[in-house]
1. What's the minimum Cβ distance from chain A to the axis relating it to B, in whole Å, and which residue gives it?
2. If each label sits 7 angstrom from Cα along the C-beta direction, how far apart, in nm, is B:LYS266 from its counterparts in the other copies?
3. Quick one: if the Förster radius is 30 Å, what FRET efficiency do B:ASN471 and B:LYS18 give, using the C-beta to C-beta distance and rounding to 0.05?
4. Could you state the number of Å between the C-alpha centres of segment A:1-52 and segment B:500-536?
5. Run the dipole for segment A:388-558 about the Cα centre, Lys and Arg Cβ at +1, Asp and Glu Cβ at -1, nothing else charged, and hand back the magnitude in debye, nearest 20.
6. Which cross-chain or sequence-distant (5 or more) residues have an amide H under 5 Å from the amide H of A:GLU270, H modelled 1.01 Å from N in plane?
7. A:LYS460: which lysines have alpha carbons under 17 Å from its alpha carbon, excluding same-chain residues fewer than 8 sequence positions away?
8. Mind checking the dipole of chain A: about its Cα centre, +1 per Lys or Arg Cβ, -1 per Asp or Glu Cβ, Debye to the nearest 20?
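What follows is calculated from the coordinates using simple rules that are stated; it is not laboratory data. Only a predicted model underlies this, so the values are computations on that prediction, with no experimental measurement involved. Positions of Cβ are generated from backbone atoms using ideal geometry, with glycine treated the same way; all protein chains shown enter the neighbour counts.
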Number of protein chains: 2
Amino acid sequence: MRRWNGWGDDANNFPLNKHARKFLESRVGKAKALPDADFKSALKKVPESRIDNPHPLLSTDAEDRLRHARGQSLEDWLAMREGELGPFPDAVCWPETSEDVKQLLAWAGEQNIKVIPYGGGTSVAGHIIATSSDKRPIVTIDMGRMRQLEDLDTASQIATFGAGVAGPDLEAQLKARGYTLGHYPQSWELSTLGGWIATRSSGQQSYRYGRIEQMFAGGEMETPIGTLEIPEIPANSAGQDMRELVLGSEGRLGIITKAKVRVTPKAEHESFHGVFFPNWQQGHDCLQAIGQEKIPVSMLRLSNPEETSSHMVLAGHPYLLGGLKRYLKLRGCHEGQMCVAMIGATGSKSFAKTALKQAIKQCKRFGGIYIGAPLGKKWEHSRFRSPYVRHTMWDAGFAVDTFETCVKWSNVSKTMQTMEQAVKDAAQEMGVKVQVFTHLSHVYAQGSSIYTTYIFNVAKDYPETLQRWKNFKKASSEAIVACGGTISHQHGVGVDHASYLPAEKGELGMKVMRNNIQLMDPGGIMNPGKLVADIETEVDSLAVQSLDKKKQQQIKQTA
Amino acid sequence: MRRWNGWGDDANNFPLNKHARKFLESRVGKAKALPDADFKSALKKVPESRIDNPHPLLSTDAEDRLRHARGQSLEDWLAMREGELGPFPDAVCWPETSEDVKQLLAWAGEQNIKVIPYGGGTSVAGHIIATSSDKRPIVTIDMGRMRQLEDLDTASQIATFGAGVAGPDLEAQLKARGYTLGHYPQSWELSTLGGWIATRSSGQQSYRYGRIEQMFAGGEMETPIGTLEIPEIPANSAGQDMRELVLGSEGRLGIITKAKVRVTPKAEHESFHGVFFPNWQQGHDCLQAIGQEKIPVSMLRLSNPEETSSHMVLAGHPYLLGGLKRYLKLRGCHEGQMCVAMIGATGSKSFAKTALKQAIKQCKRFGGIYIGAPLGKKWEHSRFRSPYVRHTMWDAGFAVDTFETCVKWSNVSKTMQTMEQAVKDAAQEMGVKVQVFTHLSHVYAQGSSIYTTYIFNVAKDYPETLQRWKNFKKASSEAIVACGGTISHQHGVGVDHASYLPAEKGELGMKVMRNNIQLMDPGGIMNPGKLVADIETEVDSLAVQSLDKKKQQQIKQTA
């Protein structure tokens, strides 16, 4: 069964091996877990619904409301573990048709009730939490029952789905017909197609399949002022592309009910391969070269030295890894310097083989040591495991969070260093230790995403632990803005990043977004407070921007 | 020198060979050219400027205004040839900096003067013509002096240009540094970067380099309410993508002054190759297969049987071609059935060779006869010649126009037939003959663009010739809408396609576009009447839509 206070199915557990625990303790100090609240006591704290006269599709049941109150950000996590999940939505519903959604939005508009669209509940940026910025009741619309493959145009390779379909269900329905979408974000097990579109999600194999932006071919969005229908025309020069309005709209404009996506026949061959580089620079330059030469591999990732070491310990198998390390040392790759890259090859056998061959040739040019498919197999096997490992860590008293951005190549290494340093500085200021490591997860010809993980000890209680996280979040977000990166490459904006968005979009960009929201949602009922902060928050964000300028100068001076 | 009443440099002429003339006469009947007006008499018709007190950057000189009055649509062509180019802009200016543009927009706003942004003046959809929908004076802002390569970030492969740079100038500046953009629309010789962005242009090698949407990395647009700055972040999940607001905005939101584009090192190898298919279906299926397998060639085009025959005659060299035809016949390709495809291979030598090999293997699977690079060389040599040939045709009494769309693969052949039939039906209704042929010019995994050319005799005078064109334009546009295609895949909307846009964007989509325009241009000075028709025109367009439904049913019934 799905966990009420964490990630995924509660039958899945991946205990921390003793080497990993020892390793983490050596980095961040001995940890003492915080006590978890139990379900019953958390449930008791759900207040009565403020909706007296609910629409027939609504449930005001306390458990339903509790199970829809939080996403998967570390703030959400702490709330769930403490058993303080509020504020809660006043009701939850599961529409089954576009007509249901239309009716629900009309009803919510009449009643002046706020609406939170809900996909898989996997947001790590606060997209689906109930906010108490005003006194209006809140309804969460869970799209999980709109999950059918409605049409598959095999000639055009376009599949039409109910937008609430989750990753495994979507792939299973396509696989039965011999097709795949190929969108594999870390959250794939629970996140939904509509959620991916609404947050501009990117999957692990975006190098081959594209980001969700490239997959989203058209569809339907129900808005408070009507239905936006987008035809699945492959390309056009006819004014504004309406798909781009829906993408990244984070529930502020309406609810995506139906999505047409670009699919491909299930590939004949897929494999993942490990390559070690003697140092960061060579690995970085190699991925850049592969991306810029458009070599058609299906995935490119590169861990920095600290992530490479950490993952090797956390994976266990010290004896096997010992052998690998000795071999790599002989070949000039030393621990603490070396970086592991993961390369995917997907397609027809000959296509994948050719692409892999071209990629490995490049790796060798940059000093890479190809160690073959076994490590790739291991990665593939545990590719969706990270969110589960958070449990294991938590049980041992460690809190884990990640943050990410994307910048152009001329800025990648410096931004990575700045991001990691910001977390270390924040830790030092608080007098706590932190373990930080980073990988490049999505490579483009013009640059790369940068994905940083940090691990720290929980404090003596929940409020202090939350404060630690807030400090880390602030420091990391400010570092991204100061480096000119996007506040999010793949997680979206939600509430957590909303105050940093104006730095990226500019005053006019924010006006455009607000203007669209005002048009589509004149009553202001759609997911308020997410993506585009309300006026009060924006006053703060101006302060953030000026702070950033200070920080930016600081960084320039020290560089 | 650039022609005042047609395409390109007047030193370039490509006379019609006698076989071609005979061939065309056999298809559309003997033609008699219409008399061309001379420059002096056309100039005399330019009225006095309505701007009494011009901004210091403006020229109200009659010749400048005449040379900026018209684009390259057939309607523009007829106006230029007849010497009736009005209505005219009241002044023209050539800003040299973003600050100039800012000042000009501010001045125009204060004076309530309409503004037409002007790139290369190559629009075939009426983007840059002065309209007389209201009595306000009009200024054309020619961006041609903002043409410098301002920055080249070689690590990130991003070039920053003044947006008024034209194709050859842009490529020359990049070539000096070893780079290329690779955007080659038919209009490349004259059209500009800013124009490409504003109209969502697509180049002949979009299969490799992408459409302008994929090349446009960020930049600046001056709007009546301020400057929109878009950072060159490679990818993000941070709300609405502002690049997508600028793309296809057709001068309604502001003027693009600076554009950052994704470039690549000049390829080591580039070649184009001809392949003949025994019939349309096999060629169609082969291009579909290559596109869907993501074989990394750089160009894919397929002419239908009529275009294949016509081009062979129009190219001349009957003896050489006779030999080719005999060879093809032996291999099972018969005239009237066979279709020629053109395939580009670009990249490092080994990359291009591998891609070409994969593509040719596919061609053979679909019965294609590879005839090697000579035909490709010929195509490459004359790839920007078509607009010049219009002159040759005109001088012989033939008028030429094209129209284009994009649909998904399951709809490509039927749409092509419907488009061609619509032109033939319109001709029959008018009692004139028409020669029609088509090619697929831009292949996507989900579908293809469809590009149809038609040639007809000019009538006894200009007004009747214009009426013929209007009838063809109406018939062809209605056919596209009835087939669910986009009203333009690469030419844009302008005034010619504006009434067909609501069929594609829907009521909400049109509201979104109008809402953006109202935000960015509250005074309604930016290129009014283009892209989003004004209210009166939209009433007509609703009529068009209902007409389309009738037509749609008709087509369904006959299918």
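1. Nearest to the symmetry axis by Cβ: A:GLU244, 2.
2. Computed spacing set for this position: 4.8 nm.
3. Efficiency for this residue pair is about 0.45.
4. Taking the Cα centre of segment A:1-52 as reference, the centre of segment B:500-536 is 51 Å away.
5. 460 debye
6. Correct list: empty.
7. Leaving aside lysines fewer than 8 places away in the same chain, those within reach of A:LYS460 are A:LYS30, A:LYS32, A:LYS433, A:LYS470.
8. Here the size comes out at about 2660 debye.
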